[in-house]
């Protein structure tokens, strides 16, 4: 088995546009819990808070016509695992993360959740090392392509299927839908989830597939919503 060679952390400093005074903070941000007791989870927690603040403020300043609901949905889409994984892939952050043997063998170097967590940990480390403005500068630099006008698509700003389904059922005075994992197949780094979404009161259940549990649940919820709109209960509620 070929020995894994980590990239030098100074290269990551170049890519994020920030030089650490306290290099140990960056080292900890790039240490997964499978590797050592001194790992990046606390920095991840801090970085998540800073990220939400910076992105929230950026969205607030970008368009004065955005309502609170639109701002909340857009921020959630911009700080989610998928977007952080996108940034992590651009930085090739997986090549800097120290991982235990078990994680390496199961593809941890490219796992979206690990890369997303490491990005947040780096943001937290920059905040501790250089303060809020330093962290803000790094985050905005990395997010600039994502926060650009062409990225403010309806998909980014619209309510997701699970939210729409929940609101529809609440409006009809029905209980919330139930979600369950039907199956998970594939290697740990390339899993495919199958999830079910059911509305017992209407006798409706659908399944969806995706690369994460959340993605699969969204697909299933979208299918259920379409069926809910075809029910007599929906027609009565909307006077159709």
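Values quoted throughout were computed directly from the atomic coordinates according to the rules given, and no laboratory measurement underlies them. The shown structure was predicted, so the numbers you read here are calculated from the model rather than taken from an experiment. Every residue, glycine among them, receives a Cβ derived from its backbone with ideal geometry; neighbour counts consider all protein chains shown.
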task: Please state, as a whole number in µm²/s, the translational diffusion coefficient that the Stokes-Einstein equation yields for region 20-159 at 37 °C and 0.692 mPa s, with Rh defined as the Kirkwood radius across alpha carbon pairs.
output: 212
field: Sorted by Cβ density within 10 Å, fewest first, the residues 139, 16
entry: 16, 139
Using alpha-carbon coordinates, inclination of helix 161-171 to the longest axis of the chain, degrees: 40
message: Can you tell me the orientation of helix 112-130 relative to the chain, as the angle in degrees between its alpha-carbon axis and the longest Cα principal axis, to the nearest 10?
response: 50
task: Order by neighbour count: 123, 35, fewest other Cβ atoms within 10 Å first, most last.
output: 35, 123
- prompt: Going 7 Å from the Cα of residue 11 in the Cα-to-Cβ direction, what parts of region 22-39 have a backbone nitrogen less than 19 Å from that spot?
  reply: 26-32
- request: Only bridges with both residues in the chain count here: give the DSSP antiparallel percent, nearest 5.
  value: 95
field: With Cα atoms, 0 to 90° folded angle of helix 68-78 axis to the chain main axis
entry: 50
- prompt: When Rg is the radius of gyration of the Cα atoms in region 161-237 and Rh is its Kirkwood radius, what does Rg/Rh come to?
  reply: 1.05
- request: Could you line up 209, 38, 44 from fewest to most neighbouring Cβ atoms inside 10 Å?
  value: 38, 209, 44
